[in-house]
Structures are given as C-alpha cells and as structure tokens.
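The values are calculated or read from the model by the stated rules, or taken from the named source; none is laboratory data. Remember, predicted model here, so these are calculated numbers, not experimental data. Here the Cβ positions follow ideal geometry from the backbone for every residue, glycine too, while neighbour counts run over all protein chains shown.
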Amino acid sequence: MKKLLIIGAGSAGSVVIQKCCRLSSVFSEIHVASRTLEKSNELKSTKKCAIHIHRCDADDTEALITLMSSISPYCVINMALPYQDLSIMEACLSVGAHYVDTANYEPRDKAEFCYKWQWDYHERFKEKGLMALLGCGFDPGVTNIFCAYAQKELFDQIHTIDIIDCNAGDHGHPFATNFNPEINIREITQDGKYWKNGQWVTTKALSEEQSIYFPEVGHKDAYLMYHEEIESLAKHIKGVQQIRFWMTFSQEYLTYLNVLQNVGMTRIDPIQYNGQEIIPLQFLKEVLPNPSDLGEGYTGKTCIGCVIHGEKNGKTLTKMIYNVCEHQQAYKDCDAQAVGYTTGVPAMIGAKLLCEGTWMESGVINVEQCDPTPFLEDLKKYGLPWKVIDYEHRII
Ligand code: NDP
C-alpha cells in the first residue's frame with residue numbers, strides 16, 4: 001500500500017483522483033495539491049473522494065519539497081501543466097519519490113515540445129533508484145503502448161505508424177477545447193513535423209490534410225500535426241521508417257481558430273493591457289469554456305489508435321489498434337468528458353503498475369519501454385476497452 005500525491009485537479013486530474021480513490025488496495029493515502037483549492041474541495045464534497053488537500057504552486061520547487069517532505073509520497077502523478085514537469089521532477093529527486101506524467105516539458109515562452117529536458121534527468125533518477133514514467137495519458141501514453149504491443153505481439157518488423165485521433169463528439173459550444181485551452185492551442189498552432197527515414201520532415205501548421213477512416217465513426221478530415229510521442233517512438237520502435245500523427249478538426253473549429261490567430265489572441269508573448277502585462281492566449285483561456293465543465297451534455301465518441309504497417313512471418317500486413325470512448329460513458333463514470341477520461345485512466349494505471357512493482361525500472365522511462373501486456377489488461381478492466389483489426393483503408 002503506497003502513499004500517492006496527485007498534483008492538479010483539472011479536467012484530466014479529477015479523473016485520476018476519482019479512479020485512484022477507488023483503488024484503496026494499492027493507494028493507502030491520497031494527497032492532492034493544486035494551485036487553488038476549489039476543484040479538490042468540490043471532488044471531496046460531491047464525489048466523496050477520500051483525499052487530503054493541499055495548496056501548492058508547483059512552479060516553486062522549494063514549496064514542492066516542503067510539501068512532499070511532510071507527506072513522503074511513494075509516487076507523484078503530475079496532472080498540472082507541462083510547464084511544471086521539471087520542478088516536480090526536481091522535488092521528486094530531492095525527497096525520493098517516483099514520478100508519472102502525461103505531457104512533456106514545454107518552456108512557457110516558446111511552444112517547443114521536446115523530451116530532451118526530461119531525458120536529461122535519466123542518470124539522476126537512475127542513481128537514486130527512482131522511476132520517472134513519462135507520457136502516460138492516451139496520446140502520448142496508450143498510443144505508445146499500442147505500438148509496443150504491436151512490436152511485441154503482432155509484427156516481426158514495423159515499417160510505418162500513423163497515430164490517428166478523432167473526437168466525433170458534440171459539446172454544444174461554438175468553440176471549446178477538450179483539455180487545457182492554453183496547452184491545446186499552443187500544440188495545434190505550431191508547425192507540423194513527422195519522422196521519415198531517420199529525419200524530421202517539417203510542414204506548415206495544419207497544411208497537410210486527408211480523409212481518414214475511423215472505426216465506429218467513419219471517414220473524417222484529419223490534419224498532420226507534431227505530437228510528442230513521435231520523438232520517443234522513433235527511438236524505441238526498432239527499424240521504423242515513418243511515424244506520423246493525424247488529428248481531426250471540423251471546418252467550424254478551424255475557422256474560429258484562424259480568426260483567433262489572425263486577431264492575435266493566440267499569441268504567447270506578453271503585451272501591455274491597462275498598465276499590466278498579459279499574455280493573450282492566457283486571457284483567451286479564461287473566457288473559453290472550462291474543459292472540466294463540458295461533460296454533462298457532451299454526446300458522441302472519440303476514436304484514437306495506431307495504424308501500423310509491417311511484416312509478420314514474411315507477409316506484409318496493416319493493423320489498427322484503437323479505443324472508442326463515449327463521452328456519456330466518461331460522464332457517468334467520472335463526471336468527465338472523453339478526452340479528460342482517456343487521459344486520466346491511463347495515468348492511474350501507470351501509477352498503479354509502478355506502485356505494485358509491475359513496472360519498475362530506475363531512470364527516466366517512456367511508457368513504450370515497459371511491458372505493454374499488464375497495462376493493456378488493466379486498460380480493459382478500468383474503462384477503456386481496445387481492439388485490434390485488419391485496417392483495409394488507405395492513409396496516403
Ligand atoms: P486543466 O487546466 O483542466 O487542469 C490543470 C490543473 O493543474 C488545475 O488543477 C490547475 O490548478 C493545476 N495547476 C496549474 N498550474 C499549477 C501550478 N503552478 N501549481 C499547481 N497546480 C497547478 O488541464 P487538463 O486537466 O486539461 O490537463 C492536465 C495535463 O494533462 C496537461 O499537462 C495536459 O497537457 C495533459 N494532457 C495529456 C493528454 C494525453 O493524452 N497525454 C491529453 C490531455 C491533456 P488551478 O485550477 O487551481 O489553476
């Protein structure tokens with residue numbers, strides 16, 4: 001039985017908290033720390049979550065060390081924002097706690113997604129016998145584990161991977177993002193990038209598009225984007241020649257995004273407003289719907305998976321491994337929408353496997369470096385069933 005500290009209680013964090021609270025055989029004591037207390041208090045009162053609540057600014061390493069020293073957590077799940085990854089990793093090293101997250105570090109002043117900053121901690125975690133488990137959400141996370149499973153069970157050699165992500169749901173708002181708006185819009189508006197024959201190929205943001213078939217959803221327009229799992233999969237899937245990431249967007253969503261970009265609302269550099277410095281994208285976040293509040297009337301489903309082409313026993317084949325998640329099922333289980341839910345459930349499972357000792361290796365480890373089998377068994381058990389099919393559609 002292990003003590004757990006969860007940092008962040010937002011859209012995805014609230015799912016992690018609720019799911020972990022149902023696993024008292026693994027987590028003996030659950031602490032939640034966040035910048036403000038409202039969301040944690042609400043979970044404690046309305047969902048009867050047995051949690052100890054703390055206020056902490058996770059940008060402040062010293063404050064984190066003080067808090068963690070008073071709790072002595074075995075494991076810390078970082079469900080705050082990517083900006084806090086390094087301060088939380090530092091604090092974990094200082095107090096001797098294992099670490100789990102769902103998104104790689106980004107500096108605030110530049111939308112640059114790269115594992116280097118976190119991989120640089122490998123030797124320090126290794127020396128202390130601690131594990132830092134990186135990217136344990138859905139994408140990155142489950143998608144990486146689908147690739148590890150394909151490498152272990154389905155293929156002798158993987159040639160190409162297309163990670164395809166579709167949200168075919170309707171939240172009823174003209175424009176809203178499904179996870180933290182600031183992080184989401186930074187991700188979508190950066191240039192596209194994919195891995196081909198050992199090199200990065202860069203494309204203009206959302207300039208490459210095609211209609212892609214999603215099981216249980218149908219054909220949807222999908223856009224090539226950079227996503228961080230490409231970087232770690234290129235390192236860990238042996239001999240892979242190409243890895244791309246595609247996400248669907250409606251024309252209406254793209255029109256809103258274009259307007260917001262054109263008027264300067266997605267800028268991440270500071271501007272002066274009424275004698276005060278503000279960042280337009282952070283202001284925009286405050287006026288957009290909160291992703292945690294989208295669940296109630298959200299209809300439809302997400303379909304996220306990996307289309308993998310390669311060879312087995314001398315034959316070429318294309319398989320798709322995927323999950324379909326209904327927004328209403330996520331709401332019924334955790335008052336969440338499917339994007340928060342598909343992020344939170346894998347983070348809980350990663351921490352569970354780490355605390356049970358099933359996944360335990362010192363150093364900084366991406367999820368696809370661990371054995372996919374126990375994780376995929378738990379994924380079915382805790383609300384995210386997955387399937388493997390022969391994929392008979394073309395991705396150009
Ligand atoms: P939210 O904005 O809904 O929640 C973020 C939480 O972090 C809030 O509780 C917030 O507290 C807290 N927080 C923010 N800054 C600090 C700080 N300095 N100190 C302490 N707490 C802080 O975000 P999401 O739940 O949508 O996203 C959480 C993480 O999940 C992000 O890193 C995101 O990139 C990642 N993600 C990963 C996905 C995947 O599949 N791998 C998919 C979707 C998201 P407060 O409300 O008090 O400010």
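So which residues in segment 11-38 are of a type outside the set (Ser, Thr, Tyr) and farther than 19 Å from Gly383 by Cβ, if there are any at all?
Glu29, His31, Val32, Ala33, Arg35, Leu37, Glu38
Condition test on Val76, is it outside any loop (DSSP other than H, G, I, E, B), in contact with a His (Cβ under 8 Å, 6 or more places away or on another chain) and either on the phi > 0 side of the Ramachandran plot or within 13 Å of the ligand (Cβ to nearest atom) (or both)? Spell out the reasoning first.
Working: outside any loop (DSSP other than H, G, I, E, B): yes; in contact with a His (Cβ under 8 Å, 6 or more places away or on another chain): yes; either on the phi > 0 side of the Ramachandran plot or within 13 Å of the ligand (Cβ to nearest atom) (or both): yes.
Criteria met by Val76.
Going through segment 362-396 one residue at a time, which ones are surrounded by fewer than 14 Cβ atoms within 10 Å (Cβ to Cβ) and either assigned to a strand (DSSP E or B) or aromatic (Phe, Trp, Tyr) (or both)?
Lys387, Ile389, Asp390
If a residue counts only when it is farther than 24 Å from Ile321 by Cβ, modelled with pLDDT under 95 and within 23 Å of the chain's Cα centre (by Cα), which helices (runs of 4 or more DSSP H) contained entirely in segment 125-242 have at least 3 such residues?
The qualifying helices (runs of 4 or more DSSP H) are 181-189.
Based on this model, can you work out whether Ile185 counts as surrounded by 15 or more Cβ atoms within 10 Å (Cβ to Cβ), out of contact with any strand residue (DSSP E or B) (no Cβ under 7 Å at 6 or more places or on another chain) and of a type in the set (Val, Ile, Thr)?
Answer is yes for this residue.
Residue check, Ser70 against (1) in a loop (DSSP other than H, G, I, E, B); (2) modelled with pLDDT of 95 or more; (3) not aliphatic (A, V, I, L, M), all met but one. Which one?
For Ser70, the exception is condition (1).
Being hydrophobic (A, V, I, L, M, F, W, C), in a helix (DSSP H, G or I) and in the same structural domain as Lys152 (by TED's automatic domain parsing) is the requirement here; does Leu254 meet it?
Taking the combined requirement at face value, the residue satisfies it.
Can you tell me which residues in segment 177-187 are out of contact with any Asp or Glu (no Cβ under 9 Å at 6 or more places or on another chain) and either more than 16 Å from the ligand (Cβ to nearest atom) or among the aliphatic types (A, V, I, L, M) (or both)?
Listed by number, the list holds a single entry, Ile185.
Just to check your reading of the model, which residue among Gly357, Gly340, Gly350 is at pLDDT 95 or above, of a type in the set (Gly, Ala, Ser) and within 18 Å of Leu134 (Cβ to Cβ)?
Answer to the check: Gly350.
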